[in-house]
Amino acid sequence: MSCELAQNYFNKSLVHYQKALKESIMNANISVITYNKGNCFIAMNQMDSAKICFENAYRSADKVKANSLKAFANKGLAEVYTLEGHYENAITLLLQAQDMSKNVGDLILNQSIYKALADNYLVTNNLENHQSYAKSYDEITETIKSNESKTLNQFLIQIDNDKARELEQIKSTDLYYKIPLILLILAMIVLLYFENVR
């Protein structure tokens, strides 16, 4: 859906999650929603609103010590700084995000951080760091593709196994119908034989 429509849903969700803030874990949900609101504001070219959202997303994530969410918030805010031409500020936030996400294991998050760092280092003419992060981006992209391929293969194998089980069930069910049918036919043949002999 468009960001204009999505914002209404985000706002309704925020109202409900804020009512449930007795459970501190709700801050994680608030962080995710606020982060996505920030992305919509970027898409609508409303950078000041995007900044506020990413800062709020960071604060909500910090309340539950969710490093991956904090890293996403920093990455979002860094994107705003990049679009505004504040590349050094963006790099600082991205390096913090990289540090926060190093033990999280989120390949997609790391991929986007590496890409953003490579781009910002290129713009600031820091070619050594640009090449390093561009290489890291390429490597993690290959890892993601490999993982997706493995997952797809496992999915296909699971489908094959499920189909084989279904066929076995059909065969065993079919056998339950065949045995009585064969017995009925044999009984009819025996009856016909005796009737014919008599």
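The values are calculated or read from the model by the stated rules, or taken from the named source; none is laboratory data. Keep in mind that what you see is a predicted model, and the values were worked out from it rather than measured. Neighbour counts run over all protein chains shown; Cβ positions are idealised from the backbone, glycine included. The area values use the complete protein model at the heavy-atom level, side chains included, leaving out ligands, DNA and RNA. Shrake-Rupley method; radii C 1.70, N 1.55, O 1.52, S 1.80 Å.
A few points about this structure:
- Residues satisfying the stated conditions in region 44-59, i.e. closer than 20 Å to Leu21 by Cβ, open to solvent by 40 Å² or more (accessible area, probe 1.4 Å) and not β-branched (Val, Ile, Thr): Glu55, Asn56, Tyr58, Arg59
- Check on Lys135, at pLDDT 75 or above, open to solvent by 80 Å² or more (accessible area, probe 1.4 Å) and among the charged types (D, E, K, R): yes
- Residue match in region 13-23 (condition: over 26 Å from Gly105 (Cα atoms), crowded, with 16+ Cβ neighbours inside 10 Å and of a type in the set (Gly, Ala, Ser)): yes
- For region 110-132, the set of residues classified as of a type outside the set (Ser, Thr, Tyr) and either at pLDDT below 90 or farther than 24 Å from Val32 by Cα (or both) consists of Ala118, Asp119, Asn120, Leu122, Val123, Asn125, Asn126, Leu127, Glu128, Asn129, His130, Gln131, listed by residue number.
- Complete set of residues in region 24-43 that are in contact with a Ser or Thr (Cβ under 6 Å, 6 or more places away or on another chain) and either open to solvent by 70 Å² or more (accessible area, probe 1.4 Å) or among the small types (Gly, Ala, Ser) (or both): Ser31
- Residue selected from region 60-114 under the condition within 20 Å of Ile30 (Cα to Cα) and without any contact (Cβ under 8 Å) to a residue 24 or more places away in the chain, by the criterion least open to solvent (accessible area, probe 1.4 Å): Asp62
- From the list Asn67, Asn45, the one residue that fits, being polar (S, T, N, Q) and closer than 24 Å to Asn110 by Cβ, is Asn67.
- Residue in region 115-128 that is nearest to Glu84 (Cα to Cα), counting only those that are in a helix (DSSP H, G or I) and open to solvent by less than 50 Å² (accessible area, probe 1.4 Å): Asn120
- Each residue in region 20-70 was checked for being not aliphatic (A, V, I, L, M) and not in a helix (DSSP H, G or I), and 6 pass.
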